[in-house]
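The values are calculated or read from the model by the stated rules, or taken from the named source; none is laboratory data. For clarity, every value in this text was computed on a predicted model and none was experimentally measured. Every residue, glycine as well, gets a Cβ built from its backbone with ideal geometry; the counts of neighbours run over all protein chains shown. Ligands, DNA and RNA are stripped out before the accessible areas are found, and what is left, the full protein with its side chains, is counted by its heavy atoms. Shrake-Rupley method; radii C 1.70, N 1.55, O 1.52, S 1.80 Å.
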Amino acid sequence: MSQSVSQSASQISDIGSAMRGPQAAAGTVKRRVVVTMTVSTGAVIGNLYYAQPLEASLARSFHASTGAIGAVLTLIQVGYALGLATLVPLGDILERRRLLTGLLAAVVVGMAGMAAAPSVPLLACAAAMVGLTSVAVQIIVPFAAHLSAGPQQGRVVSTVMSGLLLGILLSRTMSGLVAQVAGWRAVFVMGAVLTAAIAVLLWRELPSLAPTTKLPYPTLLASVVQLIREEPVLRMRMLFGALSFGSFSVFWTSAGFLLSRAPYGWNSSEIGLFALLGAVGAMTAKFAGRLADRGLARVATGGFLLVMALSYVLLDLGGTSVVALGIGVAVMDLGCQGAHISNQSLVYPLRPDARSRLNTAYMTAYFLAGAMGSAASAAVYASYGWSGVCLLGAALPTAACVAWLIEAALHRRGAGIRPAADEPGTS
């Protein structure tokens, strides 16, 4: 799973005075608020990925098979997908700052449970709780979209997303380094402490944002399905996102197994440091955001998906070549994150009053595919080795490219999927 911010901490201290009030006005987001959301998404999303470089260590500690530990990693993603489907829509009917801090408090409990787990089943239960409540980051992203509605939305959302993407990558590095020095349990203690600090920061510094709808909760959940049915742009972006992130998870789930064995034989810290190569992909976020603001998100999506599919040629060679593996990781992450930002830039303008529910639909498909990719990756690696993993990983973005070509052909004929009403560059 996988599965990508250097910002000045001094910029965060006076956010409160800049954005206090009963409700922040859309389009007036300040840079300091963006910094807060960027840092917070990176810190919180890391909780989903701390375990990935620790696969071999966890298997040894619990005397468990790689399949059992792979199942724990899958449960984190399943929990996250469930939280996306059931908790993220609450961002449209509850005050978001209060919802955020409540979810983060639950994350702290789950991380503490992982740190103290005496067995694989209890580790899995705590991991599922962490996944379920770490959807707090998906409250922050539509929050940012609301505050920045207008010509700067692509840049703001992509900046916040760059924090999330870097959090995914840096969490693996931090995990490996901490585990090497203090053991794997210390990694989850670190995550709990960091998450608690972020909860306090968000409560103190983010503006209050009134709910955008008064729908009853059951009706709210049903409206997500209605949005999927009524918005063809959303459906296509769900497909592209699912296939790309499924591929991303296929790679990162088995990367730890590959790197911990011959010919590499790396330890946890070395595996964690290797994940930094994916930072190239995270840097793509702002570039993709600028393309979106120019009305090029639809075209860019096809290019990013193609790049991702081709990266697996290098990743397959990476079974024995660290150079090929490193370049392949950078290219693969570039394609995945670029496609993701392009997708979001087309989804959020569809229904400004339902951004949390749009995010729910898109991200639920995204992470369900990630969970399925993780499960399939562990099984394929056990049976067919690294080449089998790469073949599976390449097949998913290749299928997305085919779907993108069909969509483009329909548009050229004037009978296809209509663009988002607010998509920059559309009429």
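Suppose we filter the stretch 50-98 for residues that are among the charged types (D, E, K, R) and surrounded by 23 or more Cβ atoms within 10 Å (Cβ to Cβ); how many remain? Spell out how you get there, then give the answer.
Pass one, the stretch 50-98, residues among the charged types (D, E, K, R): 55, 60, 92, 95-98.
With the extra rule that they be surrounded by 23 or more Cβ atoms within 10 Å (Cβ to Cβ), the set shrinks to 55, 92, 96.
Counting residues in the stretch 50-98 that are among the charged types (D, E, K, R) and surrounded by 23 or more Cβ atoms within 10 Å (Cβ to Cβ) gives 3.
One line per residue, one yes/no per condition, for (1) out of contact with any strand residue (DSSP E or B) (no Cβ under 8 Å at 6 or more places or on another chain); (2) surrounded by fewer than 24 Cβ atoms within 10 Å (Cβ to Cβ); (3) not aromatic (Phe, Trp, Tyr):
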residue	(1), (2), (3)
Pro232	yes, yes, yes
Leu239	yes, yes, yes
Trp266	yes, yes, no
Gly272	yes, no, yes
Which one of the conditions (1) in contact with a Pro (Cβ under 9 Å, 6 or more places away or on another chain); (2) part of a helix (DSSP H, G or I) does Leu94 fail to meet, given that it meets all the rest? (2)
Name, by its number, the condition in (1) part of a helix (DSSP H, G or I); (2) open to solvent by 10 Å² or more (accessible area, probe 1.4 Å) that does not hold for Phe245. (2)
Note on Leu169: of the conditions (1) buried (at least 24 other Cβ atoms within 10 Å of the Cβ); (2) at pLDDT 80 or above, unmet is (2)
Can you name the number of the only condition in (1) out of contact with any Phe, Trp or Tyr (no Cβ under 7 Å at 6 or more places or on another chain); (2) modelled with pLDDT of 90 or more that Thr212 fails? (2)
Restricting to the stretch 274-291, what's the tally of residues that are hydrophobic (A, V, I, L, M, F, W, C), open to solvent by less than 10 Å² (accessible area, probe 1.4 Å) and either closer than 26 Å to Leu54 by Cβ or at pLDDT below 70 (or both)? 3
Given (1) among the hydrophobic types (A, V, I, L, M, F, W, C); (2) out of contact with any Leu (no Cβ under 7 Å at 6 or more places or on another chain); (3) open to solvent by 10 Å² or more (accessible area, probe 1.4 Å), index of the condition Ile341 fails: (3)
Could you count how many residues in the stretch 180-208 are more than 22 Å from the chain's Cα centre (by Cα), part of a helix (DSSP H, G or I), buried (at least 16 other Cβ atoms within 10 Å of the Cβ) and at pLDDT below 90? 2
Condition first: at pLDDT below 90, exposed (fewer than 15 other Cβ atoms within 10 Å of the Cβ), farther than 18 Å from Gly338 by Cβ and of a type in the set (A, V, I, L, M). Can you find one or more residues in the stretch 395-411 that meet it? yes
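Kindly indicate the residue of the stretch 344-362 that is assigned to a helix (DSSP H, G or I) and over 15 Å from Val225 (Cβ atoms) and also most open to solvent (accessible area, probe 1.4 Å) among those meeting that condition.
Asp353
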Report every pair of residues separated by at least 6 positions or lying on different chains whose Cβ atoms are under 7 Å apart, first residue within the stretch 59-83 and more than 12 Å from Val135 (Cβ to Cβ), second surrounded by fewer than 17 Cβ atoms within 10 Å (Cβ to Cβ) and not β-branched (Val, Ile, Thr). Ala59/Ser65; Phe62/Ser119; Thr66/Ala382; Gly67/Ala382
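Please verify whether Val109 is on the phi < 0 side of the Ramachandran plot, part of a helix (DSSP H, G or I), out of contact with any strand residue (DSSP E or B) (no Cβ under 9 Å at 6 or more places or on another chain) and surrounded by 21 or more Cβ atoms within 10 Å (Cβ to Cβ), treating the condition exactly as stated. Quick ask: steps written out before the conclusion?
Numbers: on the phi < 0 side of the Ramachandran plot: yes; part of a helix (DSSP H, G or I): yes; out of contact with any strand residue (DSSP E or B) (no Cβ under 9 Å at 6 or more places or on another chain): yes; surrounded by 21 or more Cβ atoms within 10 Å (Cβ to Cβ): no.
For Val109, the condition - on the phi < 0 side of the Ramachandran plot, part of a helix (DSSP H, G or I), out of contact with any strand residue (DSSP E or B) (no Cβ under 9 Å at 6 or more places or on another chain) and surrounded by 21 or more Cβ atoms within 10 Å (Cβ to Cβ) - is not met.
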Subset of the stretch 369-402 [in contact with a Phe, Trp or Tyr (Cβ under 6 Å, 6 or more places away or on another chain) and closer than 14 Å to Leu75 by Cα]: Ala369, Gly370
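Can you pull out every residue in the stretch 76-91 that is in a helix (DSSP H, G or I) and hydrophobic (A, V, I, L, M, F, W, C)?
Residues of the stretch 76-91 in a helix (DSSP H, G or I): 76-86, 88-91.
Scanning the stretch 76-91 gives Ile76, Val78, Ala81, Leu82, Leu84, Ala85, Val88, Leu90.
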